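In what follows, a structure is listed as structure tokens, so that the remarks can point back to it.
The values are calculated or read from the model by the stated rules, or taken from the named source; none is laboratory data. No experiment lies behind these values; they were computed from the predicted model shown. Cβ atoms come from the backbone with ideal geometry, glycine included; neighbour counts cover every protein chain shown.
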């Protein structure tokens with residue numbers, strides 16, 4: 001007896017039945033069906049769909065609507081797939097080859113969640129080259145679980161802050177100032193456009209923004 005299939009899977013299969021098997025649209029649907037084991041291929045195809053706005057040809061006004069309604073993938077997941085694939089294409093192109101899969105074994109191919117953690121780690125100033133190299137090895141060579149990689153990353157950042165407390169405090173202060181300045185700019189612009197408050201508030205906000213930015217060096 002055939003097992004009960006999730007509604008989202010049945011919807012994908014119905015779409016597949018009504019599309020040309022040789023078309024990119026059909027291939028994306030097929031990739032979505034098995035993305036648990038072939039997310040890199042799906043990410044590559046979705047990247048093509050997003051970059052060339054092909055979803056418009058298929059009757060969708062936005063990429064988010066296409067991924068949600070046609071292949072049953074939430075916006076957050078679709079974004080991670082795109083970013084993780086692009087990160088590999090740019091930083092780890094070897095991971096996109098068949099030779100890589102044969103070398104590490106299918107079980108050790110990293111998940112898109114783990115690659116996304118590595119992508120975020122590559123942008124952090126708290127992480128030095130040595131720490132990043134270890135994280136990279138755990139993800140790219142060993143296929144470590146995303147939750148474990150997140151724990152490793154959190155631990156590295158904590159250790160770095162303990163070793164360099166003054167530098168860590170300086171970074172936190174700078175981040176807080178930038179966030180505050182961003183809020184002030186938004187409020188200043190709203191006051192300027194709406195004219196609901198005296199325009200002196202705009203001048204005062206500009207002065208405060210200038211003073212705050214002076215602390216950033």
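Every listed requirement among (1) part of a helix (DSSP H, G or I); (2) more than 18 Å from residue 39 (Cβ to Cβ) is met by residue 125 save one, (1).
Using the structure shown, decide if residue 126 is touching a residue at least 40 places away in the same chain (Cβ under 8 Å), more than 18 Å from the chain's Cα centre (by Cα) and outside the structural domain of residue 31 (by TED's automatic domain parsing). Criteria met by residue 126. Of the listed requirements (1) under 30 Å from residue 137 (Cβ atoms); (2) touching a helix residue (DSSP H, G or I) at 6+ places or on another chain (Cβ under 7 Å), residue 99 misses just one: (2). Of all the listed residues (186, 175, 133, 205), the sole one being within 30 Å of residue 108 (Cβ to Cβ), assigned to a helix (DSSP H, G or I) and free of Cβ contacts under 8 Å to residues at least 24 places away in the same chain is 133.
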